[in-house]
Each structure stands twice: as C-alpha cells, then as structure tokens.
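K.L.:
The structure is given below, and queries will be raised subsequently.
The values are calculated or read from the model by the stated rules, or taken from the named source; none is laboratory data. Just so it is clear, the structure is predicted and the values come from calculations on it, not from any experiment. Heads up, the Cβs are rebuilt from the backbone with ideal geometry, glycines too, and the neighbour counts pull from every protein chain shown. Side chains included, ligands, DNA and RNA excluded: accessible areas come from the protein's heavy atoms. Shrake-Rupley method; radii C 1.70, N 1.55, O 1.52, S 1.80 Å.
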Amino acid sequence: MEAKNIKAYGTEAADAPLKQLNITRREVTAKDIEIEILYCGVCHSDLHTARNDWGGTIYPAVPGHEIVGKVTKTGSEVTRLKVGDFAAVGCLVDSCRECDSCKQDLEQYCLNGATGTYNGKEKYLGTQTFGGYSETIVVDEHFVLKVPSNLDLAATAPLLCAGITTWSPLRHWKAGKGSKVAVVGLGGLGHMAIKLAKGLGAEVTLFSRTPDKTKDAMDLGADAVVISTDQDQMKSVRGKFDLIIDTVPYVHDVNPYVSTLNISGTLVLVGYLGELEPVLNTVPMVLGRKAVAGSLIGGIAETQEMLDFCGEHNIVSEIEIIKIQNINEAYERMLKSDVRYRFVIEMASL
Ligand code: NAP
Ligand code: ZN
C-alpha cells in the first residue's frame, strides 16, 4: 500500500500538549476520496481522547472529526464526488457494511465495530486512524458527505459531530411540532440541539448551570431557560418534557432531570460515558413509563439528511475560528465551558 507523509497536530501522551507532528495517510484506493482539510471543529471528544479520559487512546493521537474540505483526488471507482467539490467527514470512516446495523444505515452501531475517524484501526496501513487536525484525509466514498452549497463552510464543520449527535435522537424520538424538548448543557452539542429541535418545530427549553448564557440560548431559539442549580426553577418544569437531550460530559445527577419528564418521556444521554452517581432512582421511571437512554452520533444516510435539512433551513454552528497553534488554550477554555459555542480550526494555519 502506497502512503504519504503529511503534517498534523496531535499528542504523544495523555499529559502532553498537542504539537505539530507527521503522520502517514494511505494513497487513494479505487473507492477512496482524498480531501484537503480546510476547517475542523473541536469536539469535547477530541479532548477526552487526547487526555485518555475514556482509556484506550493510542499515541500519537491526532483528534478531529468535524471535517470539511475540498476533494483533491478520487479513486477509479468513485462516483459520488469529483475533484474540486466541497466534502465533509464526520466521526466514522469505515464499518463492515454487512451486519444488521450497517444494513439499516446504522453504521455507528456496526456489530463488527465501526472505524472511528481517529483512534480507530486503519485497515490498510495497520496503524491507528488519525483525525482532522491535519492537512489531508483519505476516506472511502461511502463515508464522505456532501456539503450544501449555501452554508458557510467553517460553520458547517461542527454539524458533522455536534449536529448529527443531537439530530439522531431528535429524529429517533420523533421531535417535531407539538413536542416539548429540553437540552442539558449549552456547549457545542447543546447549541446545535436547540437549533435543530427548533428547526423541527419543537418547543425547546435549555437546562444550564450558567445564568449568563440565558440571552444566547434565547437568541439560538430556545423558548425558555431553566438554571439547573435553582430548585424553584427546577420544580416549575416538573413533568413537562417529552424528550431531554443531556450533553453534560462528566458524571452528574440525572434524577432531577428525570422528574421533569412527562409520562412516557425519555432522557437521552449523549455526553457522559460511565456509571451514574448518585444512582438512578427507578421509581419515577416505573410510575411514569419514563426512560433513560443513550445515543451515539448517527449513520451516514442520516448525517446527509441532517446536512440537507440544515441547508434548507440555513442552520449552522456558532463558531470561533482559531489557529491550530491555539488548540491547547482552546481545550482549557472548553473545560471551563467558555466556548461560544464551537471552536473551529482554520487548517491553513498548520
Ligand atoms: P462542550 O462544548 O464542552 O459542552 C458541554 C456543556 O455541558 C458545557 O458547555 C456546560 O454547559 C455543560 N457542562 C460541562 N461540564 C459540566 C458538569 N461538570 N456538570 C454539568 N454540566 C456541565 O462539549 P460538547 O462538545 O458539546 O460535548 C459534550 C459531550 O458529548 C462530551 O462528553 C463529548 O465527548 C460527548 N459527545 C458524544 C457524542 C455521541 O455520539 N454520543 C458525540 C460527540 C460528543 P452549561 O454551561 O450550559 O451548564
Ligand atoms: Zn465529536
């Protein structure tokens, strides 16, 4: 397999800052597309991976799975895109495409293990996969998305993870006109959840710990904001919501949010991975047919559906463009919830 060296930004250890390094990309195979990366969004998962929060990070690690760029090369059998087209890549670059999940367009739940854009297994080179904090990426055309031409390219990048991760549960639990949706946490995922739920016609409430995000939330389309540390405000929304999308990245008490679900309502965790503390009380769940669920990104067809919906409704992310050299500072700000509301790296700075 032919391969080439390119520039990237990544880290060699959980406690080391990100820095410039070289990585290897395969040459395009018959079904591959090579993309020159123009912008890459900064997801909290990038930070979790760089710092090995979830365990299992292979170093050197190059994060980045909100990728938009321009097609620079196509393999001989590629039909979906051509050189010069704008293209996007999200969290997945491969899956078995034969199992029950893949056959249902649920590649993210591939029973044989989908390949993540970073920290996955590069099946041709035998290395780990490297993400979008880099000059170029080579991806099978099945996993490359088309970008609506009317959308700002940099602000489109976060749709590839923050967008689809909130879109998928909104669609699965059928959010739309007449439904009452709540979002926990106003960060990258949270602000996209508000915009997308609103775009689908739902009434949207934000739960936040940060009172000074209230105006922003309303500007993003929220109908109400509940400060989650204020007991009276929490009481005022008891039994209200059909669907809650919880984007909080760290362990937190889910029980107060379950109380705000309507009968048959569902709280979907998309942020925190691990055991809940304090433990989940099943009483309100049993007495109200309430559910606590989880959800992982979205399939490729669903990602294209979301991008097309965003094109039609003019929905993009609120972004702060940064240079790659400022990525370590951006991570620190993300930990302080000081992102309004997604950092996007201008890759020309690499
Ligand atoms: P983010 O931009 O940092 O936003 C997270 C928000 O959660 C913060 O802005 C803050 O909002 C709130 N928050 C942060 N720490 C908290 C704490 N200790 N307790 C309560 N609230 C807290 O992160 P993101 O990029 O949106 O990602 C959110 C999580 O989703 C991450 O864990 C990420 O790894 C995960 N993720 C999952 C998937 C998936 O497929 N399931 C995909 C992408 C990302 P307020 O200031 O409003 O309280
Ligand atoms: Zn992500």
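K.L.:
Spin-label point model (7 Å from Cα, Cβ direction): what's the His142 to Ile321 distance in nm?
P.N.:
It is 3.5 nm.
K.L.:
Further question: What does the charge dipole of the chain about its Cα centre add up to, to the nearest 20 debye, if the Cβ of each Lys and Arg holds +1 and the Cβ of each Asp and Glu holds -1?
P.N.:
480 debye
K.L.:
Hey, which lysines would be in cross-link range of Lys70, C-alpha to C-alpha under 23 Å, not counting anything within fewer than 8 residues on its own chain?
P.N.:
Lys4, Lys7, Lys31, Lys82, Lys146, Lys323
K.L.:
Using a 1.4 angstrom probe with every protein chain in place, what is the largest-first accessible-area order of Glu66, Glu12, Glu320?
P.N.:
Glu12, Glu320, Glu66
K.L.:
Also, quick follow-up: How much net charge surrounds Val93 when only other residues with a Cβ under 14 Å from its Cβ are counted (Lys, Arg +1; Asp, Glu -1)?
P.N.:
-2
K.L.:
Order these peptides, 37-43, 83-89, by their mean beta-carbon neighbour count within 10 angstrom, highest first.
P.N.:
Numbers: 37-43: 26.6, 83-89: 18.9.
Descending mean neighbour count gives 37-43, 83-89.
K.L.:
Please give the direction-averaged projected area of the C-alpha convex hull for segment 111-181, in square nanometres with one decimal.
P.N.:
Taking a quarter of the hull surface, the average projection is 7.4 nm².
K.L.:
Just how much of Glu277 is accessible, in Å², when a 1.4 Å probe is used and the result is rounded to the nearest 10?
P.N.:
120 Å²
K.L.:
Could I ask something else about it? Considering only the chain, what is the antiparallel percent among its DSSP beta bridges, to the nearest 5?
P.N.:
55 percent
K.L.:
From the mean inverse distance of alpha carbon pairs (Kirkwood) and the Cα radius of gyration, derive Rg over Rh for segment 1-133.
P.N.:
The Rg/Rh ratio comes out at 0.96.
K.L.:
Using the Cα centre of segment 146-279 as the reference point, and only Cβ charges (+1 on K/R, -1 on D/E), how large is the resulting charge dipole? Debye, rounded to the nearest 20.
P.N.:
Here the size comes out at about 500 debye.
K.L.:
Now for a different question. Can you give me the pair-distance distribution of segment 4-47, C-alpha pairs, 10 Å bins, whole percents?
P.N.:
Taking every Cα pair in segment 4-47, the percentages come to 20, 44, 30, 5.
K.L.:
Another question about this same structure. Taking 7 Å along the Cα-to-C-beta vector as the label spot, tell me the Asp253-Glu332 distance in nanometres, rounded to one decimal.
P.N.:
3.2 nm
K.L.:
Another one. With each label point set 7 Å from Cα along the Cα-Cβ vector, what nm distance links Ala13 and Lys121?
P.N.:
About 2.8 nm separates the two model spin labels.
K.L.:
Could you please tell me the mean projected area of the C-alpha convex hull for the chain, averaged over all directions and given in square nanometres to one decimal?
P.N.:
Answer in nm², one decimal: 16.8.
K.L.:
Choose one answer from Lys180, Lys103, Lys290: the residue with the largest mean-square fluctuation in a GNM of the chain with alpha-carbon springs under 10 Å.
P.N.:
Judging by the Gaussian network model, the answer is Lys103.
K.L.:
Determine the equivalent ellipsoid of segment 46-102 by diagonalising the alpha-carbon gyration tensor, then write out the semi-axes as square roots of 5 times the eigenvalues, largest first, rounded to whole Å. Display every interim value, and only then the final one.
P.N.:
Details: eigenvalues 152, 64, 19 Å².
Over the Cα atoms of segment 46-102, the ellipsoid semi-axes are 28, 18, 10 Å.
K.L.:
Students sometimes get this wrong: rank Arg97, Arg289 by accessible area, probe 1.4 Å, all chains present, largest first.
P.N.:
Arg289, Arg97
K.L.:
Take Lys70, project a point 7 Å from its Cα along the Cβ direction, then tell me which residues of segment 140-156 have their backbone nitrogen under 20 Å from it.
P.N.:
Hits in segment 140-156 for Lys70 at 20 Å: 144-156.
K.L.:
Please list the radius of gyration and Dmax for segment 162-294, considering alpha-carbon atoms only, with Å as the unit.
P.N.:
Spelled out, the Cα radius of gyration and Dmax of segment 162-294 are 13.3, 37 Å.
K.L.:
May I pose another question? GNM on the chain, C-alpha springs below 10 Å: top fluctuator among Ala162, Ala154, Ala224?
P.N.:
Checking each option, the largest mean-square fluctuation is seen for Ala224.
K.L.:
Connecting C-alpha atoms closer than 10 Å in a GNM of the chain, tell me which of Leu92, Leu81, Leu261 has the biggest fluctuation.
P.N.:
Leu81
K.L.:
Sorted by average packing, counted as other Cβ atoms within 10 angstrom per residue and highest first, what order do 112-118, 144-150 take?
P.N.:
112-118, 144-150
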